[in-house]
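Before any comments, here is the structure.
The values are calculated or read from the model by the stated rules, or taken from the named source; none is laboratory data. Note that the coordinates shown come from a computational prediction; the quantities given were computed from them, not determined experimentally. For neighbour counting, all protein chains shown are included, and Cβ atoms are generated from backbone atoms with ideal geometry for every residue, glycine included. Ligands, DNA and RNA are stripped out before the accessible areas are found, and what is left, the full protein with its side chains, is counted by its heavy atoms. Shrake-Rupley method; radii C 1.70, N 1.55, O 1.52, S 1.80 Å.
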Amino acid sequence: MDENEISAGLRGLTLPEPALGFDPDEVATRAAKRLRGRRAALGTGLAVLALGVASVAVVGNSTGADQHAPAGSGQAPAGQPTGLSTSASPTTATPLERNQAHLREVLPTVLPEATDISVGAFDDGYGGVFTSVVTFTDSAGPGTFNVTVTTAAGGAEHMTPLAERCGPNEADQGEGGLKPNRRPDGSPLRCDKIPQPGGGTLVLKETAEGAPAAPIRVNALHASYYRPDGSVVNIWNGDSTPPPNPVSRARIALTEQQLTAVATDPQLRLP
């Protein structure tokens with residue numbers, strides 16, 4: 001998982017409708033510039049991971065001083081399987097700062113066993129797309145995931161339309177030929193659309209590691225929450241350790257319950 005592998009993978013993202021809806025040329029260009037400047041790399045060349053890989057390369061070490069949240073010991077609220085606390089976060093200067101502060105406040109509850117939780121500032125974005133890199137340590141060691149929030153316009157421009165998610169281009173192809181579309185036992189990788197209260201839809205999408213003919217294991221479960229207003233929250237959720245020298249860890253960063261809670265959190269939004 002070195003810089004050349006990631007760059008080659010990003011250059012290979014030629015699907016007309018990439019799995020997460022982002023323009024691969026734009027993502028690859030942004031990632032390549034930061035990779036040359038900072039040489040920070042993460043992940044693989046998977047089309048569905050284009051946002052995650054590029055975001056870590058672009059955002060991971062570009063936000064100044066780390067923003068750390070203390071480890072929490074509480075459990076998620078009973079009877080609340082989706083979404084996080086709806087209590088207001090501390091008032092901050094901008095919506096991006098408010099989103100960052102909110103994640104710092106709630107993640108210790110969502111990840112009660114994690115320590116050293118660090119929430120990066122949401123980057124300056126492009127076309128209404130803004131990403132924060134979260135790092136932490138748990139019993140599997142250092143882990144990371146990305147949280148992306150879009151405006152309604154950004155979701156419409158850069159995300160694959162909900163109607164096309166989990167369709168033939170996404171579910172039946174091997175992500176541009178770079179990755180498998182089957183589990184090691186031959187069963188299809190998961191791609192589910194789950195209706196949410198209030199009219200939104202959560203898409204949960206698995207990816208696997210290895211050549212298409214010989215997948216090794218499922219190595220990621222990503223989430224995209226399509227809100228009725230057109231905005232989207234996307235979570236890149238793989239099994240990689242943080243940059244600059246990422247390797248695979250024993251498990252994916254977030255469980256399905258944790259992933260769903262973060263993705264559907266009503267506090268994560270932009271005007």
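Brief remarks follow.
- Net length gained if the chain between residue 182 and residue 216 were fully extended (0.36 nm per residue, minus Cα distance): 11.2 nm
- Cα gyration tensor shape for the range 95-263, rounded if a/c is under 1.5, else prolate or oblate: oblate
- Counting only protein heavy atoms and a probe of 1.4 Å, the accessible surface of the range 95-263 is 54% carbon and sulfur.
- Two-site label geometry, residue 124 and residue 250: point separation in nm, points 7 Å out along Cα→Cβ: 4.2
- A Förster radius of 22 Å, combined with the Cβ-Cβ distance separating residue 94 from residue 115, puts the computed FRET efficiency at roughly 0.20.
- When the range 95-263 is described by a simple charge dipole with +1 on each Lys and Arg Cβ and -1 on each Asp and Glu Cβ, the residue from 194, 125, 226 located farthest towards its positive end is 194.
- Take the Cβ atoms of residue 157 and residue 193, set R0 to 22 Å, and the FRET efficiency comes out at 0.55.
- Probe 1.4 Å, accessible area per residue of the range 187-271, Å²: 37
- Rounded to the nearest whole Hz, the Karplus-based 3J(HN,Hα) values (6.51 cos²θ - 1.76 cosθ + 1.60, θ = phi - 60°) of the range 235-251 follow the sequence 10, 7, 9, x, 10, 8, 7, x, x, x, 10, x, 9, 6, 9, 5, 8, with x at glycine and proline.
- Mean-position separation - Cα centroids, the range 199-271 and the range 90-149, in angstrom: 14
- According to the Kirkwood relation over distinct C-alpha pairs, the hydrodynamic radius of the range 113-166 is 12.8 Å.
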